[in-house]
Amino acid sequence: MRAARGALVALGVATLGVGVFFLTTSLTPARLVWVGVWLAACVILHDGVLVPLLSLLRARIRRLGRTWPPAVLPVIESGFAVAATIILFVVPELWAQHRGNPNPTILQGAYADRLVVVVAVIAVVVTVTVRILVRRSRADGERGQARR
Amino acid sequence: MGRRGFLVGIGASAAALVAVTAGQSFDLLAPLNLFAPRVKGAGPQALPVNRTARQAGVTAAAQSETWALELIGPSGTVSITRPELERMPQASARLPIACVEGWSTTAEWEGVRLRDLLDRVGVPPDRTIRLESLQAHGPYRATTMPPEYARDPLTLVALRVNGEPLDLDHGYPARIIAPGRPGVLQTKWLARIGPDR
């Protein structure tokens, strides 16, 4: 076990080394600076903005949903994850479209309109699923009480 | 959210993103392609373009009346015009442009086998080849090609694609197309072919 762990660590360090070697030998210093900025911005955006915001949001929803059946929260959070993943993919495309693009075979779609529709569809699917789950659990609860 | 819910959420996200983007390369998902940067079959001659002639700065040079493909070999340098290339024995190959950016499209290519051109100027069969584009700048203006690719009967100096003369954006007057190489190495707007020094 110990030997296997050691080997894995060595492999990871070696792979990192190869990556750093090619990164530093294939990019100009000016570009390397931008790679650094990009990586730092990722950490700041993720840990400084996204995580606190999402934690607040999640706490809010959990408080709201104290009486909901346990399956509801995963449904809401999964819907959120699907929408967020697609938004993260599409936003850079919108930015690139806005910046202008000399190649007529790329980035020609009406991505903004489609994004609105897709997010709306996800919201509808989540809402309908949640309603069904809540209604079903209430019906179960009433039946349970009637039996008592 | 428990572990199961987490995995379901991540799985659903990945599946959804693949479903709405992978259609740029796979026919099966093409009707669902909402967000991929490209659309399968969109572009001149039903083939996408990564770098247009204008972006590469070759619009004038590629349409010049005086264009000729320069072949360099031990038995001298030969310049071959496009009509002369068209009169040589033609071969065809069904090969994809497989781009490292994540799209891939297969097309029907016609042109002269590269090995026929290399033989014409006496390039030895074991030599690595250097292909140069009309492009003045850019990391892919020149490509080296090992002999196993250069001598492959499917490797063409392509003049036509999908039944039509190459579009300017696909490398007119002549481009290379070889099996098993990434799209950026399929040099467009060929200017010069010879052994790599």
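Can you confirm whether residue A:76 is among the aliphatic types (A, V, I, L, M) and assigned by TED's automatic domain parsing to the domain that holds residue A:137? Show your work before the answer.
Working: among the aliphatic types (A, V, I, L, M): yes; assigned by TED's automatic domain parsing to the domain that holds residue A:137: yes.
So residue A:76 passes the test.
Between B:141, B:127, which is touching a strand residue (DSSP E or B) at 6+ places or on another chain (Cβ under 7 Å), under 30 Å from residue B:22 (Cα atoms) and buried (at least 17 other Cβ atoms within 10 Å of the Cβ)?
The conditions single out B:141.
Has the stretch B:48-58 got at least one residue that is surrounded by 18 or more Cβ atoms within 10 Å (Cβ to Cβ), on the phi > 0 side of the Ramachandran plot, touching a residue at least 12 places away in the same chain (Cβ under 8 Å) and within 12 Å of another protein chain (Cβ to nearest Cβ)?
No.
Given the criteria surrounded by fewer than 15 Cβ atoms within 10 Å (Cβ to Cβ) and either of a type outside the set (Gly, Ala, Ser) or within 14 Å of chain A (Cβ to nearest Cβ) (or both), does residue B:148 qualify? Don't jump to the end; show me each part of the working.
On the way: surrounded by fewer than 15 Cβ atoms within 10 Å (Cβ to Cβ): yes; either of a type outside the set (Gly, Ala, Ser) or within 14 Å of chain A (Cβ to nearest Cβ) (or both): yes.
Answer is yes for this residue.
So which residues in the stretch B:1-47 are farther than 30 Å from residue A:72 by Cβ, at the interface with chain A (Cβ under 9 Å from one of its Cβ atoms) and part of a loop (DSSP other than H, G, I, E, B)?
B:33, B:36, B:37, B:38, B:39, B:42, B:43, B:47
Looking at residue B:154, is it farther than 20 Å from residue B:67 by Cβ, in the same structural domain as residue B:75 (by TED's automatic domain parsing) and at pLDDT below 95?
On the way: farther than 20 Å from residue B:67 by Cβ: yes; in the same structural domain as residue B:75 (by TED's automatic domain parsing): yes; at pLDDT below 95: no.
Answer is no for this residue.
Can you confirm whether residue A:83 is surrounded by 13 or more Cβ atoms within 10 Å (Cβ to Cβ) and of a type in the set (A, V, I, L, M)?
yes
Of the conditions (1) touching a residue at least 24 places away in the same chain (Cβ under 8 Å); (2) over 22 Å from residue B:3 (Cα atoms); (3) in contact with a Gly (Cβ under 7 Å, 6 or more places away or on another chain), residue A:115 fails just one. Which one is it?
Answer for residue A:115: the failing condition is (3).
Does residue A:93 fit the bill of being acidic (Asp, Glu), in contact with a Leu (Cβ under 7 Å, 6 or more places away or on another chain) and in the same structural domain as residue A:128 (by TED's automatic domain parsing)? I'd like the intermediate steps shown before the answer.
Details: acidic (Asp, Glu): yes; in contact with a Leu (Cβ under 7 Å, 6 or more places away or on another chain): yes; in the same structural domain as residue A:128 (by TED's automatic domain parsing): yes.
The answer is yes for residue A:93.
Could you run through the stretch A:35-85 and say how many residues are in contact with a Leu (Cβ under 6 Å, 6 or more places away or on another chain) and under 20 Å from residue B:17 (Cα atoms)?
1
The values are calculated or read from the model by the stated rules, or taken from the named source; none is laboratory data. Quantities reported herein were computed from a predicted structural model and do not represent experimental measurements. Reconstructed Cβ throughout: ideal geometry from the backbone, glycine too, with neighbour counts over all protein chains shown.
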